[in-house]
There are 2 protein chains.
Amino acid sequence: MMRTNVVLVGFGNVGRAFVRLSAEKQARLAERHGIGLRLKAVFRSGGGILAEDREVDLGREVLDRGVPKDDPRFRPGLRPEAAFDRLKPGVLVECLSAHPETGEPALGYLRAAIARGWHAVTASKGPLAADANGLRRAARSREVGFRFSAAAGAALPAADVGIRCLAGAEVVSFQGILNGTTNFLLTRMAAGQDYGSALADAQKLGIAEPDPERDISGWDSAVKLLILSNLLFDESLKLKDVKVKGLTAAPASDVRRAAAAGRKVKLLAVADRGSGRTSLRVAPEPLDARHPLFPVDGAEKGVSFLTDSMGTVTVLGGKSDPRAAAAAMLKDIILLLKDRDL
Amino acid sequence: MMRTNVVLVGFGNVGRAFVRLSAEKQARLAERHGIGLRLKAVFRSGGGILAEDREVDLGREVLDRGVPKDDPRFRPGLRPEAAFDRLKPGVLVECLSAHPETGEPALGYLRAAIARGWHAVTASKGPLAADANGLRRAARSREVGFRFSAAAGAALPAADVGIRCLAGAEVVSFQGILNGTTNFLLTRMAAGQDYGSALADAQKLGIAEPDPERDISGWDSAVKLLILSNLLFDESLKLKDVKVKGLTAAPASDVRRAAAAGRKVKLLAVADRGSGRTSLRVAPEPLDARHPLFPVDGAEKGVSFLTDSMGTVTVLGGKSDPRAAAAAMLKDIILLLKDRDL
């Protein structure tokens, strides 16, 4: 069995779900893939735990409540770079809440890990929005893997389908419903509910954040669109290159009128290379029943790729909770380590 | 640039489309992936062309009409094994029309190539139905790649999504509309057309074979279901383990009655592990509008995977013509050679 060191940076909901899921899947990882993950270090803000000769055993309480600063193993001021330097290179699992545009501090940790010959897996959109292709190039030149499923659709394999499954074709354009919150709101509004009470329901269900501005404004969709497009087309466009209209551009009356005519208004994120250069836009658009994303309702997501030689390929679904994001990172690790064997 | 020898075995529509598409994509393969494919041998029934020190330049006429037996380069009786032995190992691209259950002669060529350290890519269902996991194990132990996208959905990345994109989760069950011909017929029947004239249209459009028995009986769906299931669950079930009902189990009156009630009858292929062991069945089933495969109409296909931790992930679409199958093989080659870099 291949034993692989894991350094976990970020111990919020996704980080904890990753530790839980890895433990739960341990036997399957060993049996099916010959992979044994050894959690050697965990970092949160202000410091971390580093176990040089054994695994870090977090215990149920830490998994439930987080790493307390008075944990005897916790070393204030310890930085992830120390773990990359002292341990045999394995995989950095990064699930910080990074700055949405600079990507820091996650971006720095990803770069540091890759530079030291570690594979890297990220769940953060920030570093990808800032420098997805720079990270990819760095990983190539160090001959390590860099994967980002949890940041680009999580359980919805948007990046894998676009980049890998369609690698033999050229993607001409793609369209996505990339934000579950706004899609939930539009679905409710189409059924006659008013915006305010739909939003209250979404918050009650944990679908919408307490401050939903980034979803509602189209910003979250724009970031995801930018990341997918830059990775797929190997470009370095910036957020300012995305034309964004949010939900305010879709008044309830329009949404209901579309529904009455058998159509659905969706907050559509579109990347189009038809004109030679890539144009990116997010806006509410009415879809008719033949559109491949028409069935995407509620908090679901989906992406549809139009190609030159493989036709249109659409991928839909996938949960959005921390466990699903953790499963996406586990997938990334399996693929990094064993792709050819699958 | 990485120069990779290619031996092409099978020179029918898919084989020719592969040669055409590889030529068309040559610049992109070099620029984007650093891959240079060198076609060094082409085999058809009865012999082949082998170019030891240069590439085989087939020319437009051969690409349109096939390799004539009086081509001065054609050597009767020459076998693919000779190419595997004499050339530096690269990729076997196998697109023979193989026996549907024994997989021969394709299976033998795939085994021979892998045993000699060649990567192998197949478009044939036969070898996969006969011994998908044996081939996979052989490839693992020789540390070469073995891929089969063109045989398992072609441009619809059914196997890639199930095996790779969901690798961090456990697939509990999956359902597919795996046969375009029967789906076309059912779509037409739902719209009121009678079976006979729908079939005549399908044949006119090149969707149905002159002898459509393998599609209509559910046999083609059953083979594809078996292949996906064996690969995904690492099992070796046989065709006799699939319970198969074909289109005759869906009389036009049932199809129309379902349509009137807002449902669609689909020839559904189902693999279910709920009970501990894998059960496989193909049968016409009515789907309601919330089913993820409900939107799959006409000659389209789709697969929906239910997982333990990533929710339901559905992939739809993808062309079914020889060019799309060729693109799927090209994708397989890119992934074999460069996966970590994508």
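The values are calculated or read from the model by the stated rules, or taken from the named source; none is laboratory data. Note that the structure is a prediction, hence the values are computed from the model and not measured. Here Cβ is always computed from backbone atoms with ideal geometry, including for glycine, and neighbour counts include all displayed protein chains.
Things worth noting here:
- Checking A:N133 against (1) assigned to a helix (DSSP H, G or I); (2) free of Cβ contacts under 8 Å to residues at least 40 places away in the same chain, the condition it does not meet: (2)
- Condition met for B:S320 (under 28 Å from B:L205 (Cα atoms), polar (S, T, N, Q) and in a loop (DSSP other than H, G, I, E, B)): yes
Residues are listed down the side, and each one gets a yes or a no for (1) assigned to a helix (DSSP H, G or I); (2) crowded, with 19+ Cβ neighbours inside 10 Å:
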{"position": "B:V255", "(1), (2)": "yes, yes"}
{"position": "B:V282", "(1), (2)": "no, yes"}
{"position": "B:P286", "(1), (2)": "no, no"}
{"position": "B:F294", "(1), (2)": "no, no"}
{"position": "B:M310", "(1), (2)": "no, yes"}
{"position": "B:V313", "(1), (2)": "no, yes"}
{"position": "B:A325", "(1), (2)": "yes, yes"}
{"position": "B:A328", "(1), (2)": "yes, yes"}
{"position": "B:K338", "(1), (2)": "yes, no"}
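- Residue within segment A:312-323 that is in contact with a strand residue (DSSP E or B) (Cβ under 8 Å, 6 or more places away or on another chain) and more than 30 Å from A:R28 (Cα to Cα) present: yes
- In segment A:237-253, residue farthest from the other protein chains (Cβ to nearest Cβ) [restricted to those that are part of a helix (DSSP H, G or I) and not aliphatic (A, V, I, L, M)]: A:T248
- All positions within segment B:1-10 that are touching a Ser or Thr at 6+ places or on another chain (Cβ under 9 Å) and either among the aromatic types (F, W, Y) or assigned to a strand (DSSP E or B) (or both): B:V6
- Residue match in segment B:211-218 (condition: out of contact with any strand residue (DSSP E or B) (no Cβ under 7 Å at 6 or more places or on another chain), of a type in the set (A, V, I, L, M, F, W, C) and closer than 24 Å to B:P295 by Cβ): yes
Yes/no per residue for (1) outside the structural domain of A:F148 (by TED's automatic domain parsing); (2) in a strand (DSSP E or B); (3) without any contact (Cβ under 8 Å) to a residue 24 or more places away in the chain:
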| residue | (1), (2), (3) |
| --- | --- |
| A:R290 | yes, no, yes |
| A:G298 | yes, no, no |
| A:S304 | yes, yes, no |
| A:I333 | no, no, no |
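- Identity of the residue in segment B:150-169, assigned to a helix (DSSP H, G or I) and at the interface with chain A (Cβ under 8 Å from one of its Cβ atoms), that ends up surrounded by the fewest Cβ atoms within 10 Å (Cβ to Cβ): B:I163
- Some residue of segment A:229-236 being more than 14 Å from chain B (Cβ to nearest Cβ), under 21 Å from the mean Cα position of the chain (by Cα) and at pLDDT below 95: yes
- Residue match in segment A:114-127 (condition: within 15 Å of the chain's Cα centre (by Cα), closer than 22 Å to A:K338 by Cα, of a type outside the set (G, A, S) and surrounded by 15 or more Cβ atoms within 10 Å (Cβ to Cβ)): yes
- Within segment A:19-42, restricting attention to residues that are part of a helix (DSSP H, G or I) and touching a Gly at 6+ places or on another chain (Cβ under 9 Å), the residue that is farthest from A:A150 (Cα to Cα) is A:A30.
- Hits in segment A:274-296 - residues which are among the charged types (D, E, K, R) and at pLDDT 95 or above: A:R281, A:E285
- Which numbered condition A:G90 fails, given (1) touching a Leu at 6+ places or on another chain (Cβ under 9 Å); (2) over 23 Å from B:G168 (Cβ atoms): (2)
- Residues of segment A:136-149 satisfying the condition of being more than 10 Å from chain B (Cβ to nearest Cβ) and touching a residue at least 60 places away in the same chain (Cβ under 8 Å): A:F148
- Qualifying residue in segment B:324-341 (condition: modelled with pLDDT of 95 or more and more than 10 Å from chain A (Cβ to nearest Cβ)): no
- Sole exception among (1) among the β-branched types (V, I, T); (2) farther than 29 Å from B:L166 by Cα; (3) in a helix (DSSP H, G or I) for A:V14, by number: (2)
- Candidate set from segment A:33-47 (those that are touching a helix residue (DSSP H, G or I) at 6+ places or on another chain (Cβ under 9 Å) and more than 15 Å from A:R73 (Cα to Cα)); member that is nearest to the other protein chains (Cβ to nearest Cβ): A:H33
- Considering A:V93, A:V121, the condition of being within 14 Å of another protein chain (Cβ to nearest Cβ), part of a strand (DSSP E or B) and more than 30 Å from A:T312 (Cβ to Cβ) is satisfied by A:V93 alone.
- Members of segment B:170-198 found to be surrounded by fewer than 24 Cβ atoms within 10 Å (Cβ to Cβ) and not in a helix (DSSP H, G or I), listed by number: B:E170, B:V171, B:V172, B:S173, B:A191, B:G192, B:Q193, B:D194
- So B:A222, is it in the same structural domain as B:K238 (by TED's automatic domain parsing) and out of contact with any strand residue (DSSP E or B) (no Cβ under 6 Å at 6 or more places or on another chain): no
- Within segment B:257-275, if we keep just the residues that are in a helix (DSSP H, G or I) and of a type in the set (A, V, I, L, M, F, W, C), the residue that is farthest from B:N183 (Cα to Cα) turns out to be B:A260.
- Sole exception among (1) at the interface with chain B (Cβ under 8 Å from one of its Cβ atoms); (2) modelled with pLDDT under 95 for A:S304, by number: (2)
- Test: residue in segment A:24-32 that is touching a helix residue (DSSP H, G or I) at 6+ places or on another chain (Cβ under 7 Å), assigned by TED's automatic domain parsing to the domain that holds A:Y109 and more than 23 Å from A:L87 (Cα to Cα): yes
- Filtering B:D201, B:D215, B:D220 for residues that are in contact with a Gly (Cβ under 9 Å, 6 or more places away or on another chain) and assigned to a helix (DSSP H, G or I) leaves a single hit, B:D215.
- Tally, over segment A:43-59, of residues that are in a loop (DSSP other than H, G, I, E, B) and surrounded by fewer than 16 Cβ atoms within 10 Å (Cβ to Cβ): 7
- Within segment A:297-308, being closer than 24 Å to B:A324 by Cβ and crowded, with 19+ Cβ neighbours inside 10 Å holds for A:G302, A:V303, A:S304, A:F305, A:L306, A:T307.
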